[in-house]
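A.B. asks: Pasting a structure here, questions to come.
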Ligand code: CO
Ligand code: ZN
């Protein structure tokens, strides 16, 4: 589990995926036949198969995480910012954030907004502001930051700022060494998912696969008063049927379910009413691509403390490997 911790701790907001990409590339060294980084920064690891009827299968997990970007530094050195991806203000006030250059800050809120759900433009970042000059010396417009906080793994539970989607990256890396070389597998670590699935479309266009599977987190319906949803933490890998961005290919979805049954891998079926994944962009690329999804049931998505079950993550690895080896 050290690898999961390591991946989750790295700062990699959308558009600034260099550190996480380099880490994944180093981790995959010697485990695949070809490594491509495209113009947008998508990382594609290729492992070739040799079955006469082999298929080309793309597996996508996004590398980026949500964050914030500096848009203005005021005369006292307080920083105003925009969201990068689905940042919710209720998760921000009082939080610590970490800039890519290592500087830490605290998110404050204008006094009159304190008792309501604050608007993003009423929040500011304080990096120990004493003057604009001192802050300008270390932070500039366009600098990005992400939530900070240690990744904690205790028994079957993992808590981290970026299980979305470093848990997915971890699953792809672990699956890489379980492949039987039947099919051509394109393990694709995409960029800019959190700002609108931008990397996945370009990657799917160039890979041009027969099938694609997106691996990402999904919501759960098992916390107090949660919106009705059948997915539960700890109940196995979630096989995506639908989310707001995709209706999964029926053949592929059923194949994934039958593969889970055949191999006694715990699974559940997923309909996520809100939110989407790379699958949403991939399936409408080129003339259309048969696409499915394997998801990690995750509580508190896009908060600084996303929570998932290690046994679910392991089930996703088993299921993804079996599907890629048997499809
Ligand atoms: Co997300
Ligand atoms: Zn995600």
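The values are calculated or read from the model by the stated rules, or taken from the named source; none is laboratory data. Remember, predicted model here, so these are calculated numbers, not experimental data. Virtual Cβ from ideal backbone geometry, glycine too; neighbours counted across all protein chains shown.
A.B. asks: Taking the conditions exactly as written (loosely packed, with under 14 Cβ neighbours inside 10 Å and farther than 30 Å from residue 46 by Cα), does residue 152 satisfy them or not? I'd like the intermediate steps shown before the answer.
C.D. replies: Numbers: loosely packed, with under 14 Cβ neighbours inside 10 Å: yes; farther than 30 Å from residue 46 by Cα: yes.
Spelling it out, residue 152 is indeed loosely packed, with under 14 Cβ neighbours inside 10 Å and farther than 30 Å from residue 46 by Cα.
A.B. asks: Given the structure, is residue 179 away from ligand 1 (no atom under 13 Å from the Cβ), in a helix (DSSP H, G or I), in the same structural domain as residue 321 (by TED's automatic domain parsing) and touching a residue at least 60 places away in the same chain (Cβ under 8 Å)? Full working, then the answer.
C.D. replies: Values: away from ligand 1 (no atom under 13 Å from the Cβ): yes; in a helix (DSSP H, G or I): no; in the same structural domain as residue 321 (by TED's automatic domain parsing): yes; touching a residue at least 60 places away in the same chain (Cβ under 8 Å): yes.
The answer is no for residue 179.
A.B. asks: Being more than 14 Å from ligand 2 (Cβ to nearest atom) and crowded, with 17+ Cβ neighbours inside 10 Å is the filter here, so list the residues in segment 189-205 that pass it. Spell out the reasoning first.
C.D. replies: Step one: of segment 189-205, the residues more than 14 Å from ligand 2 (Cβ to nearest atom) are 201-205.
Passing the criteria: 201, 202, 203, 204.
A.B. asks: Answer with yes or no whether residue 259 is farther than 23 Å from residue 64 by Cβ and surrounded by 22 or more Cβ atoms within 10 Å (Cβ to Cβ). Spell out the reasoning first.
C.D. replies: Details: farther than 23 Å from residue 64 by Cβ: yes; surrounded by 22 or more Cβ atoms within 10 Å (Cβ to Cβ): yes.
It is true that residue 259 is farther than 23 Å from residue 64 by Cβ and surrounded by 22 or more Cβ atoms within 10 Å (Cβ to Cβ).
A.B. asks: Search segment 143-165 for residues being under 20 Å from residue 63 (Cα atoms) and in a loop (DSSP other than H, G, I, E, B), and hand back the single one that is farthest from ligand 2 (Cβ to nearest atom).
C.D. replies: Residue satisfying both the conditions and the ranking: 143.
A.B. asks: Can you confirm whether segment 276-286 contains a residue that is surrounded by fewer than 17 Cβ atoms within 10 Å (Cβ to Cβ), away from ligand 1 (no atom under 16 Å from the Cβ) and within 21 Å of residue 200 (Cβ to Cβ)?
C.D. replies: Yes, segment 276-286 contains at least one residue that is surrounded by fewer than 17 Cβ atoms within 10 Å (Cβ to Cβ), away from ligand 1 (no atom under 16 Å from the Cβ) and within 21 Å of residue 200 (Cβ to Cβ).
A.B. asks: Further question on the same structure: Within segment 88-106, how many residues turn out to be closer than 21 Å to residue 194 by Cα and part of a strand (DSSP E or B)?
C.D. replies: Looking only at that region, the number is 4.
A.B. asks: Can you tell me which residue in segment 40-63 is nearest to residue 316 (Cα to Cα), limited to those that are assigned to a loop (DSSP other than H, G, I, E, B) and touching a helix residue (DSSP H, G or I) at 6+ places or on another chain (Cβ under 8 Å)? Write out each step before concluding.
C.D. replies: The first filter runs over segment 40-63 and keeps only residues assigned to a loop (DSSP other than H, G, I, E, B), leaving 40-42, 48-55, 63.
Filter again for touching a helix residue (DSSP H, G or I) at 6+ places or on another chain (Cβ under 8 Å), leaving 40-42, 63.
Working: 40: 27, 41: 25, 42: 22, 63: 17 Å.
Only one residue tops the list, namely 63.
A.B. asks: Are any residues in segment 109-124 closer than 10 Å to residue 93 by Cβ and in contact (Cβ under 8 Å) with a residue 40 or more places away in the chain, and if so, which ones?
C.D. replies: Matches in segment 109-124: 123 only.
A.B. asks: Taking the stated definitions as given, is residue 226 away from ligand 2 (no atom under 14 Å from the Cβ) and touching a residue at least 60 places away in the same chain (Cβ under 8 Å)?
C.D. replies: Details: away from ligand 2 (no atom under 14 Å from the Cβ): yes; touching a residue at least 60 places away in the same chain (Cβ under 8 Å): no.
So residue 226 fails the test.
A.B. asks: Report, ordered by the first and then the second residue, all pairs with beta carbons closer than 7 Å, sequence separation of six or more or different chains, a first member in segment 265-282 that is outside the structural domain of residue 169 (by TED's automatic domain parsing), and a second member that is within 11 Å of ligand 1 (Cβ to nearest atom) and outside any helix (DSSP H, G or I).
C.D. replies: Pairs found: none.
A.B. asks: Do we have any residue at all in segment 215-230 that's more than 23 Å from residue 85 (Cα to Cα) and in contact with a helix residue (DSSP H, G or I) (Cβ under 8 Å, 6 or more places away or on another chain)?
C.D. replies: Checking segment 215-230: not a single residue is more than 23 Å from residue 85 (Cα to Cα) and in contact with a helix residue (DSSP H, G or I) (Cβ under 8 Å, 6 or more places away or on another chain).
A.B. asks: Check 37, 23 and return the single one that is farther than 15 Å from residue 176 by Cβ, away from ligand 1 (no atom under 16 Å from the Cβ) and free of Cβ contacts under 8 Å to residues at least 40 places away in the same chain. Walk me through it before giving the result.
C.D. replies: Values: 23 fails: farther than 15 Å from residue 176 by Cβ.
The unique qualifying residue is 37.
A.B. asks: Please go through segment 64-81 and give me each residue that is within 16 Å of ligand 2 (Cβ to nearest atom), in contact with a helix residue (DSSP H, G or I) (Cβ under 9 Å, 6 or more places away or on another chain) and more than 29 Å from residue 322 (Cβ to Cβ), ordered by number.
C.D. replies: Quick first cut of segment 64-81, residues within 16 Å of ligand 2 (Cβ to nearest atom) only: 64-67.
Now drop any that are not in contact with a helix residue (DSSP H, G or I) (Cβ under 9 Å, 6 or more places away or on another chain), which leaves 64-66.
Residue satisfying the conditions is 66 alone.
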